Amino acid sequence: MAGKRSAGLLLYRGTANGVEVLLAHMGGPLWARRDAGAWSVPKGEYVPPEEAWDAARREFEEELGIPPPEGRYLPLGEARQSGGKVVTVWAVESDLDPERVVPGTFEMEWPRGSGVLGTFPEIDRVAWCGPHAARARLVTGQRVFLERLAERLAAEG
């Protein structure tokens, strides 16, 4: 059986201090008190025959509650996460206002073993981060997308 796959969109914007990226803090009780390594590119799982590109746009809207921005999308390729999931990401320049985000929700048993189902946000907040903060916050397996974005932008000059 093929491994799990996710696809997502990494928004970036230019500022007086350089490039910033929009990251999403993972929602739910397991991530509530964490910051370092608890942020992600807005993404979600898909199953072929759905294409990664279609899934990235769908998941952006499901997770953030707003349509994906228009613009030129830069493919940043794939990366295999430590758990084996393959993530595919595109970057797009946009200046999204974090106040516009209305996250989707999911259900899970919490506390574990209690038999009680709770509803939690897929993401509990989004934030614009410069390269240093983004690297510290982003889950380890997705940091490569920051490097690839920086390379693409530098090559375009």
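Here is a list: Val47, Val21. Which entry is modelled with pLDDT of 95 or more, farther than 25 Å from Thr119 by Cβ and not polar (S, T, N, Q)?
Val21
When region 142-157 is examined, which residues are found to be touching a strand residue (DSSP E or B) at 6+ places or on another chain (Cβ under 6 Å) and surrounded by fewer than 16 Cβ atoms within 10 Å (Cβ to Cβ)?
Arg152 - this is the single residue of region 142-157 that is touching a strand residue (DSSP E or B) at 6+ places or on another chain (Cβ under 6 Å) and surrounded by fewer than 16 Cβ atoms within 10 Å (Cβ to Cβ).
Regarding region 59-74, can at least one residue be identified that is surrounded by 13 or more Cβ atoms within 10 Å (Cβ to Cβ) and assigned to a strand (DSSP E or B)?
yes
Residue-by-condition table, conditions (1) open to solvent by less than 50 Å² (accessible area, probe 1.4 Å); (2) farther than 24 Å from Ala36 by Cβ; (3) out of contact with any His (no Cβ under 7 Å at 6 or more places or on another chain):
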site	(1), (2), (3)
Ala91	yes, no, yes
Asp97	no, yes, yes
Thr105	no, yes, yes
Gly113	no, yes, yes
Ile123	yes, no, no
Trp128	yes, no, yes
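If the requirement is being of a type outside the set (Val, Ile, Thr) and more than 11 Å from the chain's Cα centre (by Cα), which of these qualifies: Ala24, Ala38, Ala16?
When all the criteria are applied, what remains is Ala16.
Would you confirm whether or not region 126-144 contains a residue that is without any contact (Cβ under 8 Å) to a residue 60 or more places away in the chain, part of a helix (DSSP H, G or I) and touching a helix residue (DSSP H, G or I) at 6+ places or on another chain (Cβ under 9 Å)?
Yes; the residues of region 126-144 include at least one that is without any contact (Cβ under 8 Å) to a residue 60 or more places away in the chain, part of a helix (DSSP H, G or I) and touching a helix residue (DSSP H, G or I) at 6+ places or on another chain (Cβ under 9 Å).
Out of (1) among the aliphatic types (A, V, I, L, M); (2) open to solvent by less than 20 Å² (accessible area, probe 1.4 Å); (3) in a loop (DSSP other than H, G, I, E, B), what's the single condition that is false for Ala36?
Going through the list (1) among the aliphatic types (A, V, I, L, M); (2) open to solvent by less than 20 Å² (accessible area, probe 1.4 Å); (3) in a loop (DSSP other than H, G, I, E, B), Ala36 breaks only (2).
Criterion first (of a type outside the set (Lys, Arg) and touching a residue at least 60 places away in the same chain (Cβ under 8 Å)) does Ile66 satisfy it?
No: the conditions fail for Ile66.
Taking the stated definitions as given, is Gly113 more than 22 Å from Arg13 (Cα to Cα) and either assigned to a strand (DSSP E or B) or over 16 Å from the mean Cα position of the chain (by Cα) (or both)?
It is true that Gly113 is more than 22 Å from Arg13 (Cα to Cα) and either assigned to a strand (DSSP E or B) or over 16 Å from the mean Cα position of the chain (by Cα) (or both).
Which residue pairs have Cβ atoms under 9 Å apart, sit 6 or more places apart or on different chains, and have a first residue in region 145-157 that is touching a residue at least 24 places away in the same chain (Cβ under 8 Å) and a second that is open to solvent by 80 Å² or more (accessible area, probe 1.4 Å) and not aromatic (Phe, Trp, Tyr)?
Partner pairs satisfying both residue conditions: Leu146/Pro131; Leu146/Arg135; Ala150/Pro131.
Quick one: which residue in Trp39, Trp31 is of a type in the set (Phe, Trp, Tyr), modelled with pLDDT under 95 and over 18 Å from Asp95 (Cβ atoms)?
Trp31
The values are calculated or read from the model by the stated rules, or taken from the named source; none is laboratory data. Keep in mind it's a predicted model, so treat the numbers as computed, not measured. Ideal geometry is used to build each Cβ from the backbone, glycine not excepted, and the neighbour counts take in all protein chains shown. Side chains included, ligands, DNA and RNA excluded: accessible areas come from the protein's heavy atoms. Shrake-Rupley method; radii C 1.70, N 1.55, O 1.52, S 1.80 Å.
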